[in-house]
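Derivation of every value follows stated rules applied to the coordinates shown; laboratory data play no part. Everything numeric in this text was worked out from a predicted model, so none of it was measured. In this analysis, Cβ positions are derived from the backbone assuming ideal geometry, glycine residues included, and neighbour counts consider all displayed protein chains.
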Amino acid sequence: MNTKKSSYIDKNVYLVNVRYTKMMNKTKELYFRCLEEGKSVEYFRSEVSKIWDNVDHRFMQKQIEKLRKMVNESNVDQAINLGRFDKEYLETLLWVMDSEYFKLTPESEFIKFEQRYKNIVVTNYDVARNYINESNKEYYLQRKIKNYDNEMSKIITYFSKDGLPLRQVMLSTYLSMIHNVDLTRSAWNQTMSDSEKLGTEMFIIPYHPFSCLKCYEWQNRPLSKEMVENIIGVKAVEQQGNILHPNCKCTLDIYWSPLQISRETVYEGIVEAQYKIRQKVNSLTLQRSRLRTDYKIYKMLGDEGKADEVRTKINKINKSIREEVDKLPTNSLKKQVKAINR
């Protein structure tokens, strides 16, 4: 079972989520500090712009390039190990990406949603300044901290394949889902390109831990090029707001032999349970990060009672994370989850 590439996608998607979550947490701390100190809207906008203008997205492109190299090396090694080609012949081929079968998201899409978030936060701050005064400040700030995430964090509507609104998600969640799709597609692009050079159009999706049932039904079976295109979707509908299958971490291998089909039997019930555990642990970890920000804000405002309440919630989340991880059947799976969430 080759899990290295899927684990790489999983880890780096989570790190993108963490990075945006930290930026949102920093914005939230700034928001309440400025309200407490009575800063003007112009001052707040200037400080928020320092966080959200000119975000460096190169780290995401570097992740994609590293994954493509990893996939290419895996495809080449597999062709050699299964005796399909000798190393000397493969070294004569030019391993470049000739074409992209599945489109990736342009950087402008990330910038568009970052700026939308910034503008909403600034507008909300402007409204808050008009309501707050010295007589109601303590009560108003307590209510504002409680409602802040609902008011401003869930600002992006997540659509279904049919174009119907499913739910609203946080900026960090949405942009990490887009990056998830881009990483997965870039890996599949590399394998599709490599297959042309090797003269084959048969593929296989290896099983990997924490996959969902939608992925599981396609794993460990020979697939034609047409089937692959149907599974992932040739048209990048995501770029218009649909993300189709944003949690997919499946990678694509060139199919040479039945030896590539895993002999390990993994039942659907186990697959589904492991997937839900990983999703819940990630969600709890990000929730803990937001609560730690609330704790800092309450301490800044001198509200020790509320700070203690938040600390109690953080301790409960830590306990829940340990309990979820302990449900996993092997130490290897436990380490994979802990490595991402430490």
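Can you give the local net charge around Leu30? Use residues other than it whose beta-carbon is closer than 10 angstrom to its beta-carbon, Lys and Arg +1, Asp and Glu -1.
Numbers: positive: Lys26, Lys28, Arg33, Lys39, Lys50; negative: Glu29, Glu47.
Within the 10 Å Cβ shell, the charges total +3.
Between the helical axis of 268-301 and the longest alpha-carbon principal axis of the chain there is an angle of about 30 degrees.
Helix 137-148 and the longest principal axis of the C-alpha atoms of the chain enclose an angle of approximately 20°.
The loop-placed trypsin sites (Lys or Arg not before Pro) in the range 261-337, going by DSSP, that have at most 13 neighbouring Cβ atoms within 10 Å of their Cβ come out as Arg263. Working from Cα positions, state the angle (0 to 90°, nearest 10) between the long axis of helix 304-326 and the longest principal axis of the chain. So the inclination is approximately 20 degrees. From its DSSP helices (H runs of at least four residues, each -39,500 (n - 2.57)), the chain gives a residue-normalised ellipticity at 222 nm of -21500 deg cm²/dmol. Residue exposure proxy: His179, His57, ordered by other Cβ atoms within 10 angstrom of their Cβ from fewest to most, comes out as His57, His179.
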